[in-house]
Structure formats: C-alpha cells, structure tokens
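One structure below.
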Amino acid sequence: MNPSAPPTFTQDELKTLVGQAALAYVTPGSIVGVGTGSTVNKFIDALATIKDQIRGAVSSSEASTQRLKALGIEVFDSNSVPELAVYIDGADEIDPSGCMIKGGGAALTREKIVAAQSQKFVCIVDDTKLVPVLGRFPLPVEVIPMASQRLIAQFAAMGGSASVRLRDGVPLVTDNGQHILDVIGLRITDPLAFETQVSQWPGVVTVGVFAHQRATVCLAGSAQGVTTTNFQ
Ligand code: 5RP
C-alpha cells in the first residue's frame, strides 16, 4: 500500500462524508429543511445523532418524513414554519454557479417548496454530480397527467425527448398525485431563463431545474475529502 496515495472512498462512503459534513450548517434549536434521496438519507442518519439539539425538521417527501420519524425527529408541516435557516438536499447535477437538476427521486415539487422557504440551500453531492453545463442527467418535470402528450411535443420542439417515468410498467405517481416526465437531449446553458420558461407551460407542476432556488453552498465528496464551494 502506498502511504502517500489519497484514500479511496466508495460512492456510498462519499455520501456519508457529505451527509455528516452538512451537520456544520445546522443551528442548535432550529427546524431544519430536509431533502430527499440516498445522500440525504445519510444526512438524516447524522442528524439523528444530534436530534436532542434541534427542534425538528420540515420534510420534502413522504420517504424522508418516514425516515425522520423512525429516528425520533419531529416533522413539522411547512405551513407552520414561516422561514427555515437552512435546507439540506442532494442533486442529480450541479453546475459551477450552483444551479441544479433535481427530481431523480420524484420529489422535486416539495423540494422546491422547502428550498424556497429557506434562507440557505446546502447541496450535498459526490463529485460525479458536478457538471459544466446542466443536461446530461434526464431532466425530471412533474406534470398534470392530462397535459403529458402536449408537453412531450413542447419539449420535442426545443430538441428534447421526453417520456413518462414508469414504475412497475405504469406511470409513477408522485407524493402529489401527479406524473413525471424525464427529458433527455437538452443542454441547459441558461438555467434561470429555462426554468422561467418551462414553469409557465400549462400542465407543468414543477420543472427540475433549480436556478431560482439554486444552492448557496455545495459540499462535494471526492477522493480528496469534502470540498466546500460557496456561491455568490
Ligand atoms: C430527489 C432528488 C435528489 O436530491 C436527487 O435525485 C439526488 O439523489 P441521490 O442523493 O440519491 O443521488 O432530487 O427528488
């Protein structure tokens, strides 16, 4: 073994590292905004170790709510908490300005709501999620089912190929009772303009570009450990 070689981590270990590192952004006595996904699950596990020091959490999905409650962390209704100091969530992609693609776990609508009520968005990822331009990951869009075919045509007109996300052969139904389109073939060079445009299409509930609610901080796990990037 070469003692000067950097440690190698599995992707799972990198998720654990960034999940634990995110604890530094949790203020004692606060209610924490909690995202969804395998990386956030590591954060929830870490949060449970300091659960006596926080009031609880606002959750972005039924899955995270279940995990939080199982670990003894109180979950508050987002309507009962006017503002959160921090929201901690993963991403499917993050660009050099902190704009993200999210929704791989189909929780994008509630994620955007909790992000919008938070002063700070701490994004926790492993370094495979860092991209120069958004669009390699299929873009999730939560839609009203009766609009799916029209929206698929609208994405085709901008060069994207959209399909309804399936689970067990039938359309996946989100926590909000809607469907997800996954759009491939897009290169999103102006995330803010793209999010504004697509959000206005009738039938779109939420587009998985997070530019208006971009990250304030990114904690990225790599062979070198956790790298912190603060965005302006
Ligand atoms: C769920 C999300 C997740 O944050 C995103 O899919 C990343 O998940 P993971 O940490 O499992 O890679 O947006 O809707």
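The values are calculated or read from the model by the stated rules, or taken from the named source; none is laboratory data. In this text the structure is predicted, and so the values were computed from the model without any measurement. Cβ sites come from the backbone with ideal geometry, for glycine too, and all protein chains shown count toward neighbours. With ligands, DNA and RNA removed, areas are computed over all heavy atoms of the protein, side chains included. Shrake-Rupley method; radii C 1.70, N 1.55, O 1.52, S 1.80 Å.
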Distance in nm between pseudo-label sites at L172 and D52 (7 Å out along the Cβ direction from Cα): 3.9
Could you give each residue of segment 203-211 its phi-based ³J(HN,Hα) in whole Hz, using Karplus coefficients 6.51, -1.76, 1.60 with θ = phi - 60°, and x for Gly or Pro? x, 7, 7, 8, 9, x, 8, 10, 10
Under the √(5λ) rule applied to the eigenvalues of the Cα gyration tensor, what semi-axes describe the equivalent ellipsoid of segment 39-154? Give them in Å, descending. 27, 18, 13
Residue-normalised value, i.e. accessible area per residue, for the chain at 1.4 Å probe, in Å², stands at 47
Sequence-distant residues sharing a close amide H with V205 (under 5 Å, placed H): E142, V143, I144
Principal axis dimensions, largest first and in whole angstrom, of segment 117-204 by Cα: 34, 29, 27
Cross-link partners among lysines for K69, C-alpha distance below 28 Å, same-chain residues fewer than 8 apart left out? K15, K42, K51, K102, K112, K120
What does a probe at M146 reach in segment 192-210, counting residues whose amide N is under 15 Å from the point 7 Å along Cα→Cβ? 202-205
Diffing segment 77-93: the Karplus 3J(HN,Hα) column from phi (6.51, -1.76, 1.60, θ = phi - 60°), in whole Hz with x for Gly and Pro, holds 5, 4, 5, 8, 10, x, 8, 10, 6, 8, 10, 10, 8, x, 7, 8, 8
Segment 8-110: relative contact order in percent, alpha carbon pairs under 8 Å with at least 6 residues between: 28
In a Gaussian network model over the chain where Cα atoms closer than 10 Å are linked, find which of D12, D45, D92 has the largest mean-square fluctuation. D12
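When the accessible area of segment 118-232 is computed with all protein chains present and a 1.4 Å probe, what percentage of it is carbon and sulfur?
Working: 3010 of 5620 Å².
Carbon and sulfur together cover 54 percent of it.
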Gaussian network model of the chain, springs between alpha carbon atoms under 10 Å - residue of D77, D175, D89 with greatest fluctuation: D77
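At a 1.4 Å probe radius, carbon and sulfur cover how many percent of the accessible area of segment 55-112?
After summing per-atom areas, the C and S share lands at 46 percent.
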In the chain, which longest range has no GluC sites (Glu not before Pro) that are both DSSP loop (not H, G, I, E or B) and surrounded by at most 14 other Cβ atoms within 10 Å? 84-232
Listed by chain and number, the residues whose amide H is under 5 Å from that of V58, excluding neighbours fewer than 5 places away on the same chain and using placed H, are V32, G33, V34, F76
Pick from I124, I180, I54: which is most flexible by mean-square fluctuation in a GNM of the chain where alpha carbon atoms under 10 Å apart are linked? I54
With Rh as the Kirkwood radius over Cα pairs, the chain has Rg/Rh of 0.98
Kirkwood hydrodynamic radius, computed over distinct alpha-carbon pairs, for segment 24-89: how many Å, to one decimal? 11.5
